[in-house]
Amino acid sequence: MKALVKAKPEIGLWAETRPVPEIGPDDVLIRIRKTGICGTDIHIWNWDDWAARTVPVGLITGHEFAGEIVELGRNVTDQAIGQRCSGEGHLIGRHSRQSRAGKFHLDPATRGIGVNENGAFATYLKLPAFNVVPLPDSIDDEIGAILDPLGNAVHTALSFDLVGEDVLITGAGPIGIMAAAVARHVGARHVVITDVNPARLELAGQVADVVPVNVATEDLKAVQSRLKMTQGFDVGMEMSGNQAALDQMVEQLVMGGRIAMLGIPPGKSPVDWSRIVFKAITIKGVYGREIFETWYKMIAMLENGLDIRRVITHRFKVADFAEGFEVMRSGLSGKVVLDWE
Ligand code: NAD
Ligand code: ZN
């Protein structure tokens, strides 16, 4: 089969021919139809320090996918051949206290497909049947292929009650933009999204009914006055991984404000803790998706008017994957989807 492999410890990915994976008794084999390119895949492509520490050379990459089940392990009775599906890319252990309590997304033994284990940038993917998420007919393959990052957005956005609240999202990458659409969908009052990249802010305005703010040139306090906000934002979602953005968020929040933090700051970033203490701010770290509550809620929202399709700005045949990665690396795209058929 075809696969995109981290074949050498240097910049790039390589198309290789690999054997079709052999599945175990509790697995399914999925024929991949569409995949999304993630920021994580860009780290792996660039072979930065994190990737070099984490990803074994020779790994099949990719974790955002939609496809169809073509083979069932002998113990698998609750899935069917021909079923269209996406799936949770975090492979969890079953022995930790968290896992046994049903908090699967908090299992410390989690391993990621396309990061620690062979992934979805391939004609076929082996996945535990437990991780399969069937797709209803109303969700097509390209939306199915971006449910993983939409799930990050949904998990973050549903961390705190947003109904009637003023929400600040820092970072208009694909996940920030989708989080803005979710905040709108669930009934936030004002949704402001910041970035320093005009192309990303323009895209945010096209995908969701939000107020895009370029913090390189505009003052957030002035935006608050324009929106007739008196005290500040109630809820923040940090989705840039940028230290300045987090500082700005703390500054712009109300007393007792809440922050859901998905963005990954580089290394140990300095934080002005006294401001967080005196403002009585709650910060929640967000990792992955809640398994499987986030999946349930996001599919329900997609079936009831949540529309994030315009966040997909580029589509390529898998033969042109290098072009897809270049577009993602340019910072001028939203989601980039590869077609494997
Ligand atoms: P992305 O890199 O595409 O987007 C980040 C955006 O932040 C960019 O558009 C960038 O221009 C913007 N930015 C930079 N400096 C800024 C500033 N000072 N103020 C406002 N915006 C600024 O990332 P993405 O794929 O949308 O993911 C969002 C974040 O979430 C990333 O940090 C990613 O690593 C992280 N992530 C975390 C998890 C998790 O499980 N915790 C999962 C997926 C992604
Ligand atoms: Zn991803």
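Coordinate-derived values only; no laboratory data. Since this is a predicted model, take the numbers as computed values, not measurements. All Cβ positions, even for glycine, are placed from backbone atoms using ideal geometry, and neighbour counts span all protein chains on display.
Going by the alpha-carbon gyration tensor, a ≥ b ≥ c the square roots of its eigenvalues, is region 47-143 rounded (a/c under 1.5) or, if a/c is not under 1.5, prolate (a/b greater than b/c) versus oblate? Oblate, since a/c reaches 1.5 and b/c is not below a/b. When each of W45, W14 is scored by the number of other beta-carbon atoms lying within 10 Å, the sequence from fewest to most is W14, W45.
Applying the Kirkwood pairwise sum to the alpha-carbon positions of region 153-285 produces a hydrodynamic radius of 14.3 angstrom.
Taken over the C-alpha atoms, region 229-341 has Rg and Dmax values of 18.3, 55 angstrom. Pairs with C-alpha atoms separated by more than 24 Å, drawn from the list K284/K335; K6/K34; K126/K268; K34/K126; K268/K297, are K284/K335; K126/K268; K268/K297.
As a proxy for reagent exposure, ranking K6, K228 by other Cβ atoms within 10 Å from fewest up yields K228, K6. Taking 0.36 nm per residue of separation and subtracting the current Cα-Cα distance, fully stretching the chain between D219 and N304 would add 27.1 nm. All alpha carbon pair distances within the chain were sorted into 20 Å bins beginning at 0; the resulting P(r) in whole percents reads 31, 58, 11, 0. Legend: calculated FRET efficiency, E251 to I81, from the Cβ-Cβ distance at R0 = 51 Å, rounded to 0.05, equals 0.40. Put in order of Cβ neighbour count within 10 Å, fewest first, the listed residues R18, R289 become R18, R289. Any lysines with Cα under 24 Å of the K228 Cα? List them, leaving off those in the same chain fewer than 8 positions away. Filter leaves K279. Shape of region 93-161 from the C-alpha gyration tensor: oblate (a/c of 1.5 or more and a/b not above b/c, with a ≥ b ≥ c the square roots of its eigenvalues).
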